[in-house]
Amino acid sequence: MKVADRTFPVSEDLWARARRLIPAGTQTLSKGPDQFVRGVTPKYLKRGSGSHVWDVDGNEYIDYPMALGPILLGYDYGPVNEAVIRQIKDGTTFTLMHPLEVEVAELLTSVIPCAEMVRFAKNGADVTSAAVKVARASTGREHIAYCGYHGCQDWYAVTTPRNKGIPAVLKDLMHQFEYNKIDTLEKVFAENPGKIAGVIMEVPGSDPEVDPATGLNFLQRVRDVAHRNGAVFILDEIVTGFRYSIGGAQKYYDVTPDLAAFGKGMANGFAISAIVGKKEFMKELDEVFFSMTYSGDTVGLAATKATINEILTKPVIEHIWEFGARLHSEVNAYASRLGVDFKIFGKPPRGGLMIKNARGEDDLILKSLFLQETVKRGILYGGPVFISFSHSAEDIKKTVEASCEAIEVLKKASESADPATFLEGEPVGVVFRQRN
Ligand SMILES: Cc1ncc(COP(=O)(O)O)c(C=O)c1O
């Protein structure tokens, strides 16, 4: 495959200006330059069409982070954009409520198993935080058991290394448990009797294990342990929603949470999120303070309605599963034939890159090398590997070809005295969002 000679003068100029004006340089940490190989990757994208994006210097790529997940159908996707443009002409936000609030709430309750009532917001963190507040309000307890990533709000961010500016006392309320290890959740309850208000978790790349004794999967067991202890079970579906199935991971894995948080994926890149759940818990939002200027923004609502209509009437979910499976299996088979410890892990609609060194450790130099060799071949990989409805058979073929060539470079580098000498730019930094 041809390795293009790409240059980034416009990107670099923008970045120089951003560093003077914008703390951290970026609005979203996972989109910042240190998550990519500096020197060989553009820093700014300005246009997208289907599964392809163009950087500010005019170079074209097949995209896999897909804006970190929201672009489920594709960039510049006709039916969603047309619905949004029609809505913009009528008005984006008003002095009173808008009918779409009711219509889209009805739509969500018709496709998401746990959704009896709905409230909207803008980011994932808005609604995971609302869910935690509701759990606390309905139980009169304050502590939370958590598993995975849930956004930048204080209650969760206090548990991360980026906890500057957050009262340390909040950390005492948070208790981590591990995916597929039910004893770690049972321990949290045993050590904090009568204190845990809610259990919040996301479903990471791998399947929940099934307990041979009961036939219940991990998510069902978490629900049962939470309920046995009087806690609210919250499923964070920010990533899995509208991706694993139209009803999210809860439908796919047959578990009905008390509350669930949706965001990315529901509006094909327009800003909207939703907390949904059982009426007995959602009713708490009659009194819990959850009110923002743009919660009923009609653009996000119109985009959600059009996106769900596409998922209901076209084989969107089937496509992302099938094309994701093809990408994972062909690239992984080549890596294992070459004896390189490389894997696109996870479920077909939601993957990630795992690259280990000879000591079996995650290796940022080798990961950087893979990102470098693929971006030079026109494939923009990053942390997550998301397939959209617009990724074509030709896209997957080109991506497999480029990935296999990059894996050959990984092999050469791993066998050399110093793999870092193969890098043409600065390696990626530590990924903020932990894999679990
Ligand atoms: C599982 C999960 N929950 C919550 C969030 C927070 O969403 P947002 O960044 O839209 O606030 C994310 C974001 O990546 C996520 O992956």
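Quick one: Debye curve from the alpha-carbon atoms of the chain only, equal weights, vacuum; give me log10 I(q)/I(0) at q = 0.07, 0.08, 0.11 Å⁻¹ to two decimals. The Cα Debye sum returns log10 ratios of -0.35, -0.47, -0.90.
With contributions of -39500 (n - 2.57) from each DSSP H run of at least four residues, the per-residue ellipticity at 222 nm computed over the chain stands at -11500 deg cm²/dmol.
Have a look at the DSSP beta bridges in the chain and tell me what percent are antiparallel, nearest 5. Intermediate values should be presented prior to the final figure.
On the way: 29 of 50 bridges.
Given both bridge residues lie in the chain, the antiparallel proportion sits at roughly 60 percent.
A simple charge model with +1 on the Cβ of Lys and Arg, -1 on the Cβ of Asp and Glu and nothing else charged puts the dipole of region 1-146 at about 520 debye relative to its Cα centre. Explain nothing, just the number: relative contact order of region 93-296, from Cα pairs under 8 Å at least 6 residues apart, as a whole percent. Relative contact order comes out at 31 percent. Close amide H pairs (under 5 Å, H built 1.01 Å from N) link residue 379 with 62, residues at least 5 positions away or on another chain.
When each of the peptides 320-326, 385-391 is scored by the mean number of other C-beta atoms lying within 10 Å of its residues, the order from highest to lowest reads 385-391, 320-326. Across region 158-170, computed HN-Hα scalar couplings (Karplus, 6.51 cos²θ - 1.76 cosθ + 1.60, θ = phi - 60°) run 4, 8, 9, x, 8, 10, 4, x, 10, x, 4, 4, 5 Hz from first to last residue, x flagging Gly and Pro. Summarising the strand pairing of region 93-296, around 35 percent of its internal DSSP beta bridges are antiparallel.
Each peptide in 300-306, 98-104 was scored by the mean count of other Cβ atoms within 10 Å over its residues; highest first, the order is 300-306, 98-104. Here is the tail figure for region 93-296: Cα pairs spaced more than 28 Å apart come to 23 percent of all pairs.
Here region 21-58 and region 80-114 have alpha carbon centers that stand 30 Å from each other. When you count the other C-beta atoms within 10 angstrom of each residue and take the mean per peptide, 135-142, 108-115 line up highest first as 108-115, 135-142. Projected onto the charge dipole of region 93-296 (+1 at Lys/Arg Cβ, -1 at Asp/Glu Cβ, origin at the Cα centre), which of 93, 192, 168 gives the Cα projection farthest towards the positive end? Value computed over the given set: 168. Structural size metrics of region 1-156, computed from C-alpha coordinates, are Rg and Dmax of 20.4, 62 Å. Across region 174-191, coupling constants 3J(HN,Hα) worked out from phi with the 6.51/-1.76/1.60 Karplus curve, θ = phi - 60°, read 10, 9, 8, 10, 9, 4, 6, 10, 5, 4, 5, 6, 4, 5, 4, 5, 5, 7 Hz, and Gly and Pro carry x. Placing dummy labels 7 Å off each Cα toward the beta-carbon, the span from residue 20 to residue 291 is 4.3 nm.
Roughly how many debye, to the nearest 20, is the charge dipole of region 93-296 about its Cα centre, given +1 on each Lys and Arg Cβ, -1 on each Asp and Glu Cβ, and no other charges? Intermediate values should be presented prior to the final figure.
Values: 20 positive and 25 negative charges, 78 e Å.
That gives region 93-296 a dipole magnitude of about 380 debye.
Dipole orientation for the chain: of the candidates 108, 371, 390, 371 has the Cα lying most toward the positive pole (charges on Cβ; Lys, Arg +1; Asp, Glu -1).
Amide H contacts of residue 198 (H built 1.01 Å from N, in plane; Pro and chain starts excluded): 145, 232 sit under 5 Å, all sequence-distant by 5 or more or on other chains.
In whole angstrom, how far apart do the alpha carbon centroids of region 267-310 and region 143-186 sit? Result: 24 Å between the Cα centres. A Cβ-based charge dipole, computed about the Cα centre of region 136-191 with Lys and Arg at +1 and Asp and Glu at -1, lands at about 200 debye. The local environment of residue 67, defined by Cβ-Cβ distances under 10 Å, has a net charge of +1 under the rule Lys, Arg +1 and Asp, Glu -1. The HN-Hα couplings worked out from phi for region 333-350 by the Karplus form 6.51 cos²θ - 1.76 cosθ + 1.60 (θ = phi - 60°) are 5, 5, 4, 6, 4, 7, x, 9, 7, 10, 8, 8, 9, x, 7, x, x, 9 Hz, whole numbers, x standing for Gly and Pro. By how many degrees, 0 to 90 and rounded to 10, does the Cα axis of helix 78-90 deviate from the longest principal axis of the chain? Around 50 degrees separate the two axes. Distant-in-sequence amide contacts of residue 44, defined by a placed amide H-H separation under 5 Å and a gap of 5 or more residues or a different chain, comprise 56. At q = 0.10, 0.21, 0.22 Å⁻¹ the log10 of I(q)/I(0) for region 255-379 amounts to -0.56, -1.20, -1.26, computed by Debye summation with a single uniform scatterer per C-alpha, solvent ignored.
Coordinate-derived values only; no laboratory data. It should be emphasised that the depicted structure is a prediction, and the values quoted were computed from it without experimental measurement. Please note: Cβ atoms are built from the backbone with ideal geometry, for glycine as well, and neighbour counts cover all protein chains shown.
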